[in-house]
Structure formats: C-alpha cells, structure tokens
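Undergrad: The structure is given below, and queries will be raised subsequently.
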Amino acid sequence: MAGITDIAFRQICRICGADVVYSEMASATALFFQAEKTLELVKFDKKERPYIVQLFGKEPEHFAKATRIITKKIKPDGIDINFGCPAKKVFGHGSGCALMPQKDLARKIISAVCENTTLPFP
C-alpha cells in the first residue's frame, strides 16, 4: 500500500498485534540506480521486527542488485516480490500483476532474488 505503510503505520500495526509488517513497495529499478530516496523509504525501526521489504519491477538484474543492497544496508527479516499489484502505474510498466502470465520472466526474477540473499523469501 504505497503511501500508507510508512514507519508510523507499521508501528501502530505492531502495537495492535500484527505478527509481521511490510515496507511500502520499493522499486528494484530505483535501487539498481542507488536512489537514496528509495533507501529512505524502506528503512525501519527495530520495534517493527519482523519486517519484510517488498520489491516491484520487471528486470531480473535490477532485482539482483536491489536484493544485495537491501540485504546489506537495510537488513530486514525477509524480501517479498510484488506479483499482485494491479495499479495502472505499476501494471503499465510491466510490473506487479503484469508478471503473472510471464512465467519465464517471473522465474528469472525469483532466481535473481534467491541467488543474492540468504534472507527468507516469504
């Protein structure tokens, strides 16, 4: 939920009993090009653990580098790939649910994430 699941919202969710919280969707492409704004978007407080970073995009090589950056700099409890967002802005760029019928590309993205982290992939 872009623009909703910020640090304050996640902390409220944890206080109210959430077992796990997720970051806002972060662009693997933005992280590939080392966008500081995107890194700020996925930072979290230790009170939020367990915390999962959710990535979206369509380029396996972007996911590979983004995963390495997230693993090293953010140190969440896991990484999630968004394969379900139907928002026009996400879908229109070939990400989110646009990846669902593209099994080969989805497989390459999943492999790129798995090969670049030891974090769980829920």
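Undergrad: Looking at F63, F121, F44, which one is open to solvent by 20 Å² or more (accessible area, probe 1.4 Å), touching a residue at least 12 places away in the same chain (Cβ under 8 Å) and within 12 Å of the chain's Cα centre (by Cα)?
TA: F121
Undergrad: State all residues of the stretch 39-73 that are assigned to a helix (DSSP H, G or I) and over 18 Å from E115 (Cβ atoms); if no residue qualifies, say none.
TA: Once the filter is applied, which keeps residues that are assigned to a helix (DSSP H, G or I) and over 18 Å from E115 (Cβ atoms), the stretch 39-73 yields L39, E40, L41, V42, K46, K47, E48, K73.
Undergrad: Just to be sure I understand, how many residues within the stretch 97-107 are within 16 Å of the chain's Cα centre (by Cα) and either open to solvent by 20 Å² or more (accessible area, probe 1.4 Å) or at pLDDT below 95 (or both)?
TA: Looking only at that region, the number is 1.
Undergrad: While we're here: Taking the stated definitions as given, is P86 open to solvent by 30 Å² or more (accessible area, probe 1.4 Å), free of Cβ contacts under 8 Å to residues at least 40 places away in the same chain, touching a helix residue (DSSP H, G or I) at 6+ places or on another chain (Cβ under 6 Å) and under 24 Å from D6 (Cα atoms)?
TA: Judged against the criteria, P86 is a match.
Undergrad: Restricting the stretch 1-25 to residues that are assigned to a strand (DSSP E or B) and at pLDDT 95 or above, which is surrounded by the most Cβ atoms within 10 Å (Cβ to Cβ)?
TA: S23
Undergrad: While we're on this one: Return the residues of the stretch 74-90 that are modelled with pLDDT of 95 or more and either over 14 Å from the mean Cα position of the chain (by Cα) or assigned to a helix (DSSP H, G or I) (or both); say none if nothing qualifies.
TA: Hit for the stretch 74-90 is I74, nothing else.
The values are calculated or read from the model by the stated rules, or taken from the named source; none is laboratory data. What you see is a predicted model, and the numbers here were worked out from it, not measured in a lab. So basically every Cβ, Gly included, is an ideal-geometry build from the backbone, and we count neighbours across all protein chains shown. These accessible areas exclude ligands, DNA and RNA; they are computed on the full protein's heavy atoms, side chains included. Shrake-Rupley method; radii C 1.70, N 1.55, O 1.52, S 1.80 Å.
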